[in-house]
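The values are calculated or read from the model by the stated rules, or taken from the named source; none is laboratory data. Because the structure is predicted, anything quoted here is derived from the model rather than measured. Note that we place each Cβ from the backbone using ideal geometry, even for glycine, and neighbour counts take in every protein chain shown. Keep in mind that these areas ignore ligands, DNA and RNA; they rest on the heavy atoms of the full protein, side chains included. Shrake-Rupley method; radii C 1.70, N 1.55, O 1.52, S 1.80 Å.
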Amino acid sequence: MSDGTPLPSLAHTASANTLVGTAYVNLRRDIIQGKHPPGSRLRVEHLKDDYGVGAGTLREALALLVSDALVIAQGQRGFHVTPISLDDFRDITENRVLLETEALRQSIAVGDDTWESAVLGAFHRLSKAEQRLAADPEARFEEWEQRNREFHRELISACPSRWMHHFLGILYQQAERYRRLTVTRKPIARDLHDEHQGILDATLARDADQACTLLAAHIRLTYEAVAQLPADLFTSA
């Protein structure tokens, strides 16, 4: 049985205290926020000055983003921001539902009091972030995104499969650009706090079927929200 330790990904080896790591973090943030739109070309000769690093350092940062699947390296055509599309997000969504509900089911089966405490703590921090998000979605998205990630991670933290954690980390990260669009643009009405509360309550009650049903609906509702966004936000995959 695995010890549940997440497998490392290439991007995580870049420390934010290094030039490459700083460039990676800043580039990633600007891609997620849409400063570099999906499908756009990332010209090293221009961007190196914007990010205050040399061409070699910037290429290393872009290589990390390629490993994150947020950037595509196209040979002689250089680097481009990975396109987004409804088909892509549907694929991300359904695979996340498949894996995350199973990981939650396993966590409920084996999680102990320490696990429950971690889930409760993450929910409390997320609730506070949700209150601030409601007041200013653009300014507070990064904080909310971090707290949302922590809550979902703690829910499944007792799952013993490190591969499941690894793949879910990738899927969650790939959904971030789409999630930002729904949180900041609000294409449909939803109560994120109520959705999270329901998942928490069923999880702590050790009702795996109900918890997984609510989690799957929660994840799929983000896809439904994305589907209501204007078509010109998307690029062909």
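What the table below lists for this structure:
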read-out	value
Any hit, the stretch 103-116, residues being in a helix (DSSP H, G or I), closer than 19 Å to Ala208 by Cβ, of a type in the set (Gly, Ala, Ser) and open to solvent by 30 Å² or more (accessible area, probe 1.4 Å)	yes
Matching residues in the stretch 35-52 - criterion: being part of a helix (DSSP H, G or I) and buried (at least 19 other Cβ atoms within 10 Å of the Cβ)	Leu47
Unmet requirement for His193, which otherwise passes all of (1) touching an Asp or Glu at 6+ places or on another chain (Cβ under 6 Å); (2) on the phi > 0 side of the Ramachandran plot	(2)
Helices (runs of 4 or more DSSP H) wholly inside the stretch 128-237 containing at least 3 residues that are open to solvent by less than 40 Å² (accessible area, probe 1.4 Å) and among the small types (Gly, Ala, Ser)	208-227
In the stretch 53-88, the residues that are of a type in the set (S, T, N, Q) and either open to solvent by 20 Å² or more (accessible area, probe 1.4 Å) or modelled with pLDDT of 95 or more (or both)	Thr57, Ser67, Gln74, Gln76, Thr82
Hey, Leu99 open to solvent by less than 20 Å² (accessible area, probe 1.4 Å), touching a residue at least 24 places away in the same chain (Cβ under 8 Å), out of contact with any Gly (no Cβ under 8 Å at 6 or more places or on another chain) and not in a loop (DSSP other than H, G, I, E, B) or not	no
